[in-house]
Amino acid sequence: MNIAIVGYGKMGRIIERIAQERGHSVVARFDVDNNVNGEGLTAESLVNVDAAIEFSTPEAALANIRRLVSLRVPTVVGTTGWYDQLDDVRRLVDSNSAALVWGANFSIGVNLFFKLVQDASALFAQYNQYDPFLLEFHHKFKKDAPSGTALITARAMRDAYGDRTPEAVSVRAGHIPGTHEIGFDSEADTITLTHTARNREGFGAGAVLAAERIVGKQGMYEFPELLFAAK
């Protein structure tokens, strides 16, 4: 495929390397120097692009998404912090017969973690002596809090806990790697499940996989819908 990277920071460079290792070509790169308010995303700048992978900032993501969707470029969105606009984006995708996949976290391991969280919550919610909790830790440079991954983790707990679903407690300090932990605490014991990201490689690999799977489709998908779908 010919891929455009929207948001050419550390994550964008990792995606570029992984995409090339998988046999794809990165034919366009957009950052703050050539894409203010999404204005660099045009039919001309995206000519021959098969898919775009967007990893920018919460402030820039919506403008980028709207431009890419209006141009009907199949798009992977890894930026978080814009999910209050999901319904509006879904309507835009549908009205343009476009294709978009979004995810709070494109790591395969994290998506398996979400499934474990959902199953564990269903078990522990049957026993009132256990109180659920949700913690997330990131480096001081992460801009959104709670993280998108924490919000999806809470959603995975909500089917079981409803109004008792815990709010995420967020820590931003130093260079802490992205870490998400849920737990169930009672007077007798504490049970926890934790995911810690060692590096960004998993996110990049998942994003490229999502780009490969969104081409040729229409509609808006959350990453697990494509990750766990039968090939």
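The values are calculated or read from the model by the stated rules, or taken from the named source; none is laboratory data. Computed from a predicted structure; not experimentally measured. Here the Cβ positions follow ideal geometry from the backbone for every residue, glycine too, while neighbour counts run over all protein chains shown. Remember, those area values only see protein heavy atoms, side chains included, never the ligands or the DNA or RNA. Shrake-Rupley method; radii C 1.70, N 1.55, O 1.52, S 1.80 Å.
Quick notes on this one:
- Separation of the Asn96 and Arg158 label points, Cα + 7 Å toward Cβ, nm: 2.6 nm
- The stretch 71-129 and the stretch 146-215: distance between their alpha carbon centers, rounded to Å: 12 Å
- When peptides 87-96, 114-123 are sorted by average Cβ neighbour count within 10 Å, with the highest value leading, the order is 114-123, 87-96.
- Set against the 2.2 N^0.38 Å expectation for a compact globular protein, the stretch 98-231 has a Cα radius of gyration ratio of 1.13.
- Restricting the calculation to Cα atoms, the stretch 125-169 shows an Rg/Rh of 1.05 when the hydrodynamic-style radius is the Kirkwood one.
- Order of exposure, largest accessible area first, which applies to Glu167, Glu54, Glu21 with probe 1.4 Å: Glu167, Glu21, Glu54
- Think of the stretch 124-231 as a dipole: +1 on every Lys or Arg Cβ, -1 on every Asp or Glu Cβ, centred on the Cα centre; then among Ala207, Gly162, Phe124, Ala207 lies furthest on the positive end.
- Per residue accessible area in Å² of the chain, where ligands, DNA and RNA are left out and the probe is 1.4 Å: 50 Å²
- Cross-link pairs beyond the 21 Å C-alpha cut-off, checked among Lys10/Lys115; Lys115/Lys143; Lys10/Lys142: Lys10/Lys115; Lys115/Lys143
- The stretch 143-211 - Kirkwood radius from inverse mean 1/r over Cα pairs (Å): 14.1 Å
- Paramagnetic label zone (point 7 Å from Cα along Cα-to-C-beta, Ser170; backbone N under 15 Å) in the stretch 113-149: 134-149
- Cα-based radius of gyration for the stretch 60-150, normalised by 2.2 N^0.38 Å, reads 1.37.
- Value of Rg to Rh for the stretch 3-86, rounded to two decimals, is 0.93; Kirkwood radius and Rg both from alpha-carbon coordinates.
- Heavy atoms of Val169 accessible to a 1.4 Å probe, total area in Å² rounded to 10: 80 Å²
- Distance in nm between pseudo-label sites at Arg17 and Val47 (7 Å out along the Cβ direction from Cα): 3.2 nm
- Whole-number D in µm²/s for the chain (Stokes-Einstein; Kirkwood sum over Cα pairs; 37 °C, 0.692 mPa s): 178 µm²/s
- All-pairs alpha carbon distance profile, the stretch 1-46, 10 Å steps from 0, percent: 29, 52, 19, 0
- Per-residue surface analysis assigns Val32 an accessible area of about 120 Å², computed on protein heavy atoms at 1.4 Å probe radius.
- Antiparallel %, DSSP beta bridges [both residues in the chain], to 5: 35 percent
- Student exercise, the stretch 84-231 dipole from Lys, Arg, Asp, Glu Cβ charges, in Debye to nearest 20: 660 debye
- Over all orientations, the stretch 189-231 has a Cα convex hull whose mean projected area works out to 4.9 square nanometres.
- Other-chain or far-sequence residues with amide H under 5 Å of Ala99's (modelled H): Thr75, Gly219
- Projected label points at Glu187 and Gln126, each 7 Å from Cα along the beta carbon direction, are separated by 2.2 nanometres.
- Checking every one of the chymotrypsin sites (Phe, Trp or Tyr not before Pro) in the stretch 123-228 against DSSP loop status and a limit of 15 other Cβ atoms within 10 Å picks out Tyr127, Phe141, Phe228.
- When the surface is traced with a 1.4 Å probe over the full set of protein chains, Val27 keeps roughly 70 Å² accessible.
- Computed on the Cα atoms alone, the convex hull of the stretch 50-97 gives a volume of 59 cubic angstrom per residue.
- Residue-averaged [θ]222 nm for the chain, counting only DSSP H segments that reach four residues, each worth -39500 (n - 2.57): -11500 deg cm²/dmol
- DSSP-defined antiparallel bridges as percent of all bridges, the stretch 102-225, nearest 5: 70 percent
- Residues of the stretch 1-45 with amide N under 16 Å of the 7 Å Cα→Cβ point at His139: 8-15
- Largest to smallest in accessible area, the residues Val49, Val208 fall in the order Val49, Val208 (1.4 Å probe, all protein chains included).
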